[in-house]
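**Student:** Handing you this structure, nothing more for now.
Each reported figure results from applying straightforward, stated rules to the coordinates on display, with no laboratory input. The shown structure was predicted, so the numbers you read here are calculated from the model rather than taken from an experiment. Cβ: placed from backbone, ideal geometry, glycine included. Neighbour counts: every protein chain shown.
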Amino acid sequence: MPSSEPTFAELLAGCERSAVHLEMRDGYAVDEEDADLRAWRRSGQRDADPTSAYWAPWVDLISSTVARGVTVRRARVVSEPVSEYIRYEHAATGVNVAAGERVRWLPRRRASDLALPGNDFWLFDDRLIRWHHFSGDGTWVEDELSDDPAAVKLCADAFEAVWARATPHDQYELH
């Protein structure tokens, strides 16, 4: 991402009302998660300490955003039975919720008739999209910003359709 583009923290800082995130992959290969994922595979325990070096920056960012009155929601469309990565992700989602995010899960089979964009995204104040582009193995490739009105409408409508059908995190059981 060119340095002229705002960071994620800057995009959140510019939010006045809402930031929504739609995740649709069953696995991600995120470098920052490597050590934690390996530890989880060995022990079955996930770092869920909001004050840990791993989580504190995210918790601070989200909690300060929510404290300003911005609603932060995340929806995950997942295949069932869920992948190992989704089990790993689910194991610490309570930290996201405690930070102020609202998180819901939608089984992919219940999303078949929804028009969804081809990539994961963040949508800020229903005006700016931050697309996430990944390679086939889940490695992050790049982010791309767009304020195209048709794409913004697609993302807003897709997110709300997923959100309406999805199960809140505290009620979702892994299958």
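**Student:** What are the ³J(HN,Hα) values, in whole Hz, obtained from phi via the Karplus relation 6.51 cos²θ - 1.76 cosθ + 1.60 with θ = phi - 60°, for each residue of the stretch 58-69 in sequence order, with x given for Gly and Pro?
**Tutor:** 5, 4, 4, 5, 5, 5, 6, 5, 5, 4, 7, x
**Student:** Only bridges whose two residues both fall in the chain count here: according to DSSP, what percent of them are antiparallel, nearest 5?
**Tutor:** Counting DSSP beta bridges with both partners in the chain, the antiparallel share is about 55 percent.
**Student:** Can you sort Ser43, Ser79, Ser4 so the residue with the fewest Cβ neighbours within 10 Å comes first?
**Tutor:** Fewest to most other Cβ atoms nearby, the residues stand as Ser4, Ser43, Ser79.
**Student:** Tell me, what ³J(HN,Hα) does each residue in the stretch 139-149 have, in order and in whole Hz, if you take phi through Karplus 6.51 cos²θ - 1.76 cosθ + 1.60 with θ = phi - 60° and put x for Gly and Pro?
**Tutor:** 6, 5, 9, 6, 10, 9, 9, 8, 10, 4, x
**Student:** About the Cα centre of the chain, how large is the charge dipole given +1 on each Lys and Arg Cβ and -1 on each Asp and Glu Cβ? Please answer in debye to the nearest 20.
**Tutor:** Computed charge dipole of the chain: roughly 680 debye.
**Student:** Set Lys and Arg Cβ to +1 and Asp and Glu Cβ to -1, take the dipole of the chain about its Cα centre, and tell me which of Pro81, Thr51, Leu61 lies farthest positive.
**Tutor:** The listed residue farthest towards the positive side: Pro81.
**Student:** Given a Förster distance of 25 angstrom, what is the FRET efficiency for Asp137 paired with Ala53, based on the Cβ-Cβ distance and rounded to 0.05?
**Tutor:** So the FRET efficiency works out to roughly 0.40.
**Student:** Okay, next question. Collect residues whose amide H, placed 1.01 Å from N in the peptide plane, falls under 5 Å from the amide H of Val78; neighbours closer than 5 in sequence don't count.
**Tutor:** Result for Val78 returns Leu106, Arg108.
**Student:** Determine, for Thr93, Thr7, the number of other Cβ atoms within 10 Å of each Cβ, and report the residues in order from fewest to most.
**Tutor:** Sorted ascending by nearby Cβ count, the order is Thr7, Thr93.
**Student:** Can you give me the Cα centroid spacing of the stretch 61-87 and the stretch 22-58 in angstrom?
**Tutor:** 13 Å
**Student:** Please report the net charge: other residues with Cβ closer than 12 Å to the Cβ of Arg110, K and R +1, D and E -1.
**Tutor:** +2
**Student:** Amide H to amide H under 5 Å from Arg102: which residues, 5+ apart in sequence or cross-chain, H placed 1.01 Å off N in plane?
**Tutor:** So Arg102 has HN proximity to Val72, Arg73, Arg74.
**Student:** Determine ³J(HN,Hα), in whole Hz, for all residues of the stretch 165-175 in sequence, where each value follows from phi through the Karplus function 6.51 cos²θ - 1.76 cosθ + 1.60 and θ = phi - 60°; x replaces Gly and Pro.
**Tutor:** 3J(HN,Hα) across the stretch 165-175, in whole Hz: 8, 6, 9, x, 3, 6, 10, 7, 10, 5, 10.
**Student:** Neighbouring Cβ atoms within 10 Å as the yardstick, rank Asp120, Asp113 fewest first.
**Tutor:** Asp113, Asp120
**Student:** Grab the other residues whose beta carbon is less than 10 angstrom from that of Gly94, score K and R as +1, D and E as -1, and report the net.
**Tutor:** 0
**Student:** What's the longest bit of the chain with no exposed GluC sites (Glu not before Pro), using DSSP loop states and at most 15 other Cβ atoms within 10 Å as the test?
**Tutor:** Formally, the longest exposed-site-free interval is 17-172.
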